[in-house]
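Novice: Sharing a structure here in C-alpha cells format.
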C-alpha cells in the first residue's frame, strides 16, 4: 500500500492528503514525530520534513509541492494544477502564496506557537507572534474574498491546487479555533464548499490527544 | 521585449535569469526596489516579491518556481526540470531544498543581514545570524559534495533546475565573500562548471554600488 508520512497539524501533509483524496488514490497514514529525527525517516527525506510519500513500488517523493506535481503527472485522469500554461501558472502562484506567505505570516505564528512548540516541549506561546498571526489572517481572508468575487474557485473555474493549499492551511488554524469566519462571509462560503468535498472528510476526523478542536471544526454547516 | 523584474542579490531572480539564459530567451532586466512597494509593481504581483516575468504578450508570471515550471511548459526545446516523473521529482526536490532550506539557513542569515538590511536602512547585521549562516553553509556544501560524488549534476546526469537553484543561492553568497570554497573542493568543482556556462555569465558582471564583490567572484578559474 502507498504510505504518506505526516503530522496531523502539518498543513503541507494535509495538502497532500486532500490531493490524494481528489485523485481517488488509497494510502495509509503514518504519523512521524519529525522532531525526533529518526534515521529511517531521514533516509527517506534528508530534509527531515513531512509529508513524504512512498509509492507501492517503493518510489519516494518528498515536499508537498513536488508530491502534487508528481501526482498530476502520474495520475492525470483528474488534473489538480490545470490544463493550460496560464491556468497552471495561476494555480501554482496561489498555491505558493498559501504555502509560503500565508504559512509564514499566519500558520507559523499561531499553530506553531500554540501547538507545535508545546508538543516539542519548547515552552509557552509568544504573545507577539499570536497577535501578529491573528492580525495577518484577516488580510489573507480578504484576499480569498477578492478572488472568489470574480471566480468560482481561487484560481478560476475549476477546483485546483490553489484551493487545496489554502484550505490545508486554514484547516489547521480552524482546528485551533483561530479563524474569524464571521467577519469574512464570502471566504467562509468558499471554505464550506471545500469542506464538503469527500477528499476533505478524513481531515475533519483528525484528533490530537489533549487538544480538542472547536465544535464547528467538523461541522459542514459551521 | 520580455521583461524580468529583479533585484541583483535576490537568489530567486538569479534562478530565473539563469533559466532564461539556458533556454536562449532574450529579456530586459528591470531593477525593482521591492521594499518601496510601488503600486504598479504590486498590481503585477500582489505578493510584492521579485522575480516577476512579463512576457511580450503581456502575460505575467511571478514566483521563481512558478516561472521555471511555466518556461519548461512553454519553451520545452531545452527541458530544465527533466523528462521522467522520477527525474522531475528529484530535480524539484533539490530545487526546493535550495530555495527553502538553504535560503532560510544560509542566505537569509548572511545576504539579508550583510546587504539587504543596509539597503533598506534597517541597521547593522546581527552577529548571531552571521555566525549561524557561516556554520550552516558547510552542511549544505557537504550535501552538494555527497550528490556530485555519485552524479554528474546535482539531480542526475543532466544539468537541471536543481543546479540552477543551488548556484543561484551560492552566487549571492559568493558576491559577499561568504563561501568557504577551499574547504569543499568537490562542491567548488561543481560550481566552477556551472559558472562557466554562458547562462551564468551575465550574473558575473553584476555590480552593486558601494559593494564590490571579491576578486574571485567573476573569475572562472577561482
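Novice: What's the number of the only condition in (1) surrounded by fewer than 21 Cβ atoms within 10 Å (Cβ to Cβ); (2) within 11 Å of chain A (Cβ to nearest Cβ); (3) closer than 19 Å to residue B:170 by Cα that residue B:116 fails to meet?
Specialist: (2)
Novice: The conditions are (1) in contact with a helix residue (DSSP H, G or I) (Cβ under 6 Å, 6 or more places away or on another chain); (2) over 30 Å from residue B:36 (Cα atoms); (3) away from chain A (no Cβ under 12 Å), and residue B:82 fails exactly one of them. Which is it?
Specialist: (3)
Novice: Any chance you could count how many residues in region A:84-98 are farther than 9 Å from residue A:162 by Cα and either surrounded by 21 or more Cβ atoms within 10 Å (Cβ to Cβ) or modelled with pLDDT under 95 (or both)?
Specialist: Selection size over region A:84-98: 2.
For every residue, the table says whether it meets (1) under 15 Å from the mean Cα position of the chain (by Cα); (2) crowded, with 16+ Cβ neighbours inside 10 Å; (3) facing another protein chain (nearest Cβ under 10 Å).
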position: B:12; (1), (2), (3): yes, yes, no
position: B:21; (1), (2), (3): yes, yes, no
position: B:26; (1), (2), (3): no, no, no
position: B:59; (1), (2), (3): no, no, yes
position: B:65; (1), (2), (3): yes, yes, yes
position: B:69; (1), (2), (3): no, yes, yes
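The values are calculated or read from the model by the stated rules, or taken from the named source; none is laboratory data. What you see is a predicted model, and the numbers here were worked out from it, not measured in a lab. Note that we place each Cβ from the backbone using ideal geometry, even for glycine, and neighbour counts take in every protein chain shown.
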